[in-house]
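Remarks on the structure that follows.
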Amino acid sequence: MAMTHTQRILAAARGEMVDKLPFGARIDTWYNYHSAHGTLPEKYQGWSETDIIADQGAGAQKRFFSVCKESFRDMEVITNWEGNWETREYITPIGTCSIKLLWSTNEGPWLAYEHEKLFKTAKDYPVIKYILEHTEPYYNTDYDKEREAMGERGVVMTGTGLWSPAQRIMREIMGYEQFFEEMMDNPEEVAELIEVMSELELKKLKIAVDSKLELINLCANWSDDIHTPVFRQFFTPYFKQANEIIHAAGKLSMAHADGEMRRLLPLFGETEIDVAEAVTPAPQSSMTMSEFKQGYGDKVTLWGGISSVMFEPAYSDQEFDDFVIRLIKEMAPGQRFILGMADNLPFDGDINRIGRVVDLIEKYGKLPIWI
């Protein structure tokens, strides 16, 4: 009996040699943009992301933020809405912090835009620490609904959230520029805040490990110019601790490693993360897939490889085919590789090229690949 898309993707993630290259396609940027503007192809009006991908013959990758939700104790949280704008104020016994978010998928992305970060000045350290220490995670039952809707057509990609503790502080709580300014001015306070965030994320990790989730996302959105200077100090220790828990439960970990990765590749090998997802080669980054393959080594499964720009009209059908065929041959014999977007179908991308990848896999992607 033929493997399902879900089985093939998870088997490749474990390093098993399967019958043909798995393909886990991601289209949420394209789907959200055209849904918001009423410009989905007539055939796909009213369809879900997964239904569209299945119609193209591919396996689906559906992003889902977290298998956990967060509740708060011993504080008051006041939320106000004005259209798509959310202002959230955390009133604690030792002070108040607030964050302002824009929730809109009109341009494609499905995450909130943090127009005002939670951290604004050094006086916020004790308040944010208090908020994190009084945050209680619990299981998000919406994951079960997403998993049921997906069935064997692919993977619902999620974990405790998108980001590891340090990345959450850098990206969500402070912003990258403010983070490095604080690293210079208040390094001890930054390290303490990351430690408190780590304690919270480990609580959430226990929930993820106890769920049905097989592949647990630990972090996302790295770039070597931003993360290399602090990776060993703040990222690697958490990943090692998290992976000890994940692997003891017989599960796998992944990171959404979609940025420039040249200087980070040697550091990635120290994390014990099993899957590097959304691997992005030239022409979007400076690296080839052969360099990624060599840099990650034979213990990491690579998921990605098809640069998003290749789906755009600037590249002809023939150029697209040539790119995918070259990619498949470059990854011979094909073990520990899952074809996928690097990292999404852009809003002006050709949805039918997903089906074209499926056709090329049938012709060139039977495993093992011989060149």
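When only C-alpha pairs under 8 Å and at least 6 residues apart count, what is the relative contact order of the range 273-371, in percent?
About 33 percent, as a whole number.
Mind jotting down the three principal axis lengths of the chain based on Cα atoms? Whole angstrom, largest first.
Reported extents, whole Å, longest axis first: 64, 45, 38.
Using helices alone, what [θ] at 222 nm do you get for the chain, with -39,500 (n - 2.57) per DSSP H run of 4 or more residues, divided over all residues and rounded to the nearest 500?
Taking each H run of at least 4 residues, the total per residue is -10500 deg cm²/dmol.
Just VAL300, VAL155, VAL77 to compare: in a GNM of the chain, with alpha carbon springs under 10 Å, which one fluctuates most?
Among VAL300, VAL155, VAL77, the largest mean-square fluctuation in the Gaussian network model of the chain belongs to VAL77.
Among the listed pairs LYS204/LYS251; LYS251/LYS366; LYS20/LYS363, which have their C-alpha atoms separated by more than 18 angstrom in this model?
Violating the 18 Å Cα-Cα cut-off are LYS251/LYS366.
State the antiparallel share, in %, of DSSP beta bridges confined to the chain, rounding to the nearest 5.
Antiparallel: roughly 45 percent of the beta bridges in the chain.
Report relative contact order for the chain in percent, whole number only (criteria: Cα-Cα under 8 Å, sequence separation at least 6).
RCO, the chain: 22 percent.
Taking the Cα centroid of the range 301-323 and of the range 132-159, what is the distance between the two, rounded to the nearest whole Å?
Measuring centre to centre over Cα atoms gives 30 Å.
Given the whole protein assembly as supplied and a 1.4 Å probe, what does the accessible area of ARG8 come to in Å², nearest 10?
Accessible area, nearest 10 Å²: 10 Å².
Kindly sort GLU136, GLU182 by accessible area of their heavy atoms, largest first, with the probe set to 1.4 Å.
GLU136, GLU182
What are the radius of gyration and Dmax of the range 195-320, computed over its Cα atoms and given in Å?
Every Cα atom of the range 195-320 included, Rg and Dmax give 15.9, 52 Å.
Accessible area of PHE347, 1.4 Å probe, to the nearest 10 Å²?
It works out to around 100 Å².
List, largest first, the extents of the alpha carbons of the range 167-240 along their principal axes, each in whole Å.
Cα extents, longest axis first: 42, 24, 20 Å.
When the Cα atoms of the range 68-190 are enclosed in a convex hull and the volume is divided per residue, what value in Å³ results?
Spread over its residues, the Cα hull of the range 68-190 gives 133 Å³ apiece.
The values are calculated or read from the model by the stated rules, or taken from the named source; none is laboratory data. This one's a predicted model, so the numbers in the text were calculated from it and none came from an experiment. For the accessible areas, the whole protein counts, side chains as well, though only heavy atoms, and no ligand, DNA or RNA atoms are used. Shrake-Rupley method; radii C 1.70, N 1.55, O 1.52, S 1.80 Å.
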